[in-house]
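First the structure, in the form of structure tokens, and then the observations on it.
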Amino acid sequence: MRPEHGGCRQRAAVLDAVLAAAEELDTGPVQVALAWLRSRAAHAATSMTLIVGPRSLTHLEGHHAALDVELEPVHYQQFNEVSAPQLGAPHDDVAAALTHGVDGNRDLLNTPAVPIA
């Protein structure tokens with residue numbers, strides 16, 4: 001049996017956030033996802049172009065409907081949080097050690113000031 005990969009959990013979290021926003025805004029998940037990508041392209045520091053490839057008239061109409069979807073700032077914040085890249089090791093190990101004090105006695109880092117004569 002293959003262990004669950006962290007990327008699978010993250011993709012599921014992104015999908016859950018998109019589905020929740022779609023339900024809240026009474027629209028489809030495709031429209032929410034395209035509105036999110038359109039906003040990311042507009043705010044990207046580098047050139048970013050949203051390319052859609054509908055295969056049918058229904059898909060094209062769904063893509064066109066995404067232009068009318070206005071997401072709230074809370075949606076963008078949630079999407080950005082759940083889709084943030086996971087840095088992995090060694091970053092996570094070092095961050096955990098610093099957060100939980102597993103790196104040793106921190107009092108040793110606070111050396112007393114030594115007067116210079």
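If only the Cβ of Lys and Arg carry +1 and only the Cβ of Asp and Glu carry -1, the dipole of the stretch 6-87 around its Cα centre is close to 480 debye.
The Cα atoms of the stretch 6-87 give a gyration tensor whose axes a ≥ b ≥ c have a/c of 1.5 or more with a/b greater than b/c, which makes the shape prolate.
Amide H to amide H distances under 5 Å link LEU50 with no residue, where only residues 5 or more positions off or on other chains count and H is placed in the peptide plane. Using just its DSSP H runs of length 4 or more, each adding -39500 (n - 2.57), the chain gives a mean residue ellipticity at 222 nm of -17500 deg cm²/dmol after division by all residues.
Read-outs: derived from the displayed coordinates by stated rules, not from any lab. Because the structure is a prediction, the values reported are computed rather than measured. Cβ sites come from the backbone with ideal geometry, for glycine too, and all protein chains shown count toward neighbours.
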